[in-house]
1. Restricting the search to segment 131-153, which residues are free of Cβ contacts under 8 Å to residues at least 24 places away in the same chain and of a type in the set (A, V, I, L, M)?
2. Test of understanding: among ALA277, ALA317, which residue is closer than 30 Å to LEU60 by Cβ and in contact with a Leu (Cβ under 6 Å, 6 or more places away or on another chain)?
3. Filter segment 80-137 down to residues that are among the basic types (Lys, Arg), at pLDDT 85 or above and touching a Lys or Arg at 6+ places or on another chain (Cβ under 9 Å) and give me whichever is surrounded by the most Cβ atoms within 10 Å (Cβ to Cβ).
4. Against the definition (more than 24 Å from GLU294 (Cβ to Cβ) and either in contact with a Leu (Cβ under 7 Å, 6 or more places away or on another chain) or open to solvent by less than 10 Å² (accessible area, probe 1.4 Å) (or both)), how does ASN165 come out, yes or no?
Amino acid sequence: MITRYFDSIFFAWPFVLWFLVLIPVLAYWYWKKRQGRKAALLVSDTALYRQVPRTWKSRLVHVPFILRLFALTLLIMALARPQTRFDEEQVSGEGVDIVLCIDVSGSMLAQDFTPNRLEAAKEVAANFVDTRKTDRIGVVIFSGESFTLCPITTDKAVLKSQIFNIQSGLLEDGTAIGSGLATSADRLRTSKAASKVVILLTDGENNGGQIPPVTAKEIAKKLGIRVYTIGVGSEGYAPIPVQSESGAVIMQREKVNIDEKLLTEIARETGGKYFRAKDNEGLERIYTEIDQLEKSRFEVSALRRYTERYLPLVLMAIALLAIEWLMRFTILKKFP
């Protein structure tokens, strides 16, 4: 119980604890005083008295002084103002609502990234989610069509689980950049956040979908959404796994075609920025830069409350003094 009491205790006036040095001084004084006492009756030989058994009263003769020392110790500790502290943080401010718009077309399986473009994009996106502590984030995937994989949420565990479950082939193949951007913009349409962002990642040119990229760009502009575009792919040719007529998977080298002009236009006109990622490290640097560009604005106010804990010490000291007083005037009472 006493150990639990002192677990979270600290003293507001710790300098008062220096008075505890009085305890050993008083103990030494008491011992010297007892040693210097003279007997009321002098005898020539005390050998006979050494054989007399000690009574229980003689064994308790030092207890009142010990109780008084303990009481003094407790009172000194009480004067040092033992306290407990309760810290509470209140977070307020403006977060950012973000949609990760990820291309899942067949070309995202190209192995110019490790192990391929899609897996690299998933890993970096999950790490990005971890850095955005106060933001709401959602995920949209697209290839020949688009789909909301996860609405914007603050549940980072669910969000990362959905990201790691992304696979190529979930949707009709193709590259519908306009549909992906339009779906992402629709996810942010009702957002009340001060800043709304889409991070659109693709490795190809728009070749499908019902909404042209230019139309999707205008929708994003009207809704006040900044679009950061990322073109994924090395220069020249990249190895892509394809299925042969016999059903076997073979590696085929295909030219990397990214519509950088379109991606740059979308980013520039919506207030975002275009990036080109040619390897895993480059992709990580891009997400780090976007993280720096889109900082959440929030304030953390600390509330600290103190509770005085001297009362139990005072009560224990009073109890010890009361026991000492009772012993002196009852079982240890001296008669003239």
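1. LEU149
2. ALA317
3. Taking the candidates together, the pick is ARG132.
4. So ASN165 does not fit the description; no.
The values are calculated or read from the model by the stated rules, or taken from the named source; none is laboratory data. Bear in mind that the values here come from a model prediction, so they are computed numbers and not experimental data. Methodologically, a virtual Cβ is constructed for each residue, glycine included, from the backbone with ideal geometry; neighbour enumeration extends over all protein chains shown. Calculation scope for accessible area: heavy atoms of the full protein, side chains included, ligands and nucleic acids excluded. Shrake-Rupley method; radii C 1.70, N 1.55, O 1.52, S 1.80 Å.
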